Amino acid sequence: MKLGIVGLPNVGKSTLFNALTKAGAEAANYAFCTIDPNVGVVPVPDKRLDVLASIYNPEKYTPATVEFVDIAGLVRGASKGEGLGNKFLSHIREVDAIVHVVRCFDGSDVIHVENTVDPVRDADTINTELILADIEVMERRVDRVKKQLKGDPGAKTELEVCERVADALNRGSSARDVELTADEKALIKDAGLLSSKPVIYVANVDEETLRHPLEENKYYAALAEKAASEHAGIIAVCAETEAELAELDDDERTQYLEEVYGGMGLEDTGLNKLIRSSYELLGLISFLTAGPKEVRAWTIVKGTKAPGAAGKIHSDFERGFIRAEVVAFDDLVAKGSFNAAKEAGLVRSEGKEYVMKDGDVVLFRFNV
């Protein structure tokens, strides 16, 4: 799963990406320093894996991951090719969800492309460009489907869906705001509509903001209201501080968090919260496997049944699925091992219709 980090130039996208991945994407105080997208695979923080590792002392430790793509800054007119817009929009088309970074701090030392700080305006600028690009796509789609009507009566349903989405876009709404059934979504999935992708706003605030209730920052408060109106997620991060934290080793980071972030009442870094929020945004959960060879978190879509989860490990597991032996994480930890939990009657035998739950510790039985 890929998440694209987007926003206007100089709002902190590359700084955030550097902090997330330590990949060294160039962060500079001018527009378009990131011409080609940078990609980084980031582990999903999961304390349950740490606990399992302490129990099994495994040879390997493999967390779930999320892929982040740092996409160069968009500007007004991107849908018409302004600021290398067409190239950047194509990069957004390839991701599954959007992490929209918005500047929510004052300061003349970092140039703002619009010269003033206004998070709602900035967010609307990006959203409008995505909608305008989608309008062009849907207008071509409507024309094409109309031509198919004579020879394909079944195209009528697709045309109705396309026209409904096109109408919403022309009214300034995002494609994700249009209520469609699963079958209707499938009809236009290949259109790759940019504004249909789920969004989480990242309010890039200064460190001082984190020392007080977030709503005291007028920029954050305005962006939070906008996010709520769009049913989008929002999280506050000080990208500069997070980038500094990313340069520290584990002991130094822990000490810093206790001295500084602990004083702010924050339980975790903003990055870890962003990674987990992004994971949830995509509707993903993790099931766990544990043993002396490896403890591992496996990524699945919420609602996946046991055979599909088994297939994440190996296709043979799904093809020859017999049953899943499942224990709740807390029960396994309480008993100290999978076998001990089984002896205590805490391991369940689940069949093909079992819907996996986040944190299930599983042993799959199969035969091929």
For this session: Working with all protein chains in place, sort Thr157, Thr269 by solvent-accessible area computed with a 1.4 Å probe, largest first.
Result: Thr157, Thr269
For this session: Over 15 Å, how big is the tail of the calculated P(r) for the stretch 211-300, in percent of all Cα pairs?
Result: 71
Exercise. Remind me, relative contact order of the chain in percent, using alpha carbon pairs under 8 angstrom and six or more residues apart?
Worked result: 18
Exercise. For the stretch 119-180, what value does the Rg/Rh ratio take when both radii are computed over Cα atoms and Rh is the Kirkwood radius, given to two decimals?
Worked result: 1.09
Problem set entry | For the stretch 361-368, 3J(HN,Hα) per residue [Karplus equation, 6.51 cos²θ - 1.76 cosθ + 1.60, θ = phi - 60°, Hz, x = Gly/Pro] | 9, 10, 10, 8, 10, 8, 8, 10
Exercise. Between Asp70 and residues 5 or more places away or on another chain, which pairs have amide H atoms under 5 Å apart, with H built 1.01 Å from N, and which residues are they?
Worked result: Ile5, Asn38, Val39, Gly40
For this session: Would you please give the residues with an amide H less than 5 Å from that of Phe366, counting only those at least 5 places away or on a separate chain, with H modeled from the backbone geometry?
Result: Ile322
Problem set entry | Average Cα contact separation per residue, the stretch 217-368, under 8 Å, 6 or more apart, as relative contact order % | 21
Problem set entry | Greater than 18 Å apart at Cα, pairs in Lys312/Lys357; Lys189/Lys352; Lys293/Lys342; Lys302/Lys352; Lys47/Lys273; Lys312/Lys352 | Lys189/Lys352; Lys293/Lys342
Problem set entry | Cα-based Kirkwood hydrodynamic radius, the chain, one decimal, Å | 22.8
For this session: Give the dimensionless ratio obtained when the Cα radius of gyration of the stretch 247-368 is divided by 2.2 N^0.38 Å.
Result: 1.31
Exercise. Which value, in Å to one decimal place, does the Kirkwood hydrodynamic radius take for the stretch 224-263 when every pair of different Cα atoms is included?
Worked result: 12.0
For this session: Would you mind telling me the antiparallel percentage of the DSSP bridges in the chain, rounded to 5?
Result: 50
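The values are calculated or read from the model by the stated rules, or taken from the named source; none is laboratory data. Given the structure is predicted, the values throughout are model-derived calculations rather than measurements. All accessible areas refer to the heavy atoms of the entire protein, side chains included, with ligands and DNA or RNA removed. Shrake-Rupley method; radii C 1.70, N 1.55, O 1.52, S 1.80 Å.
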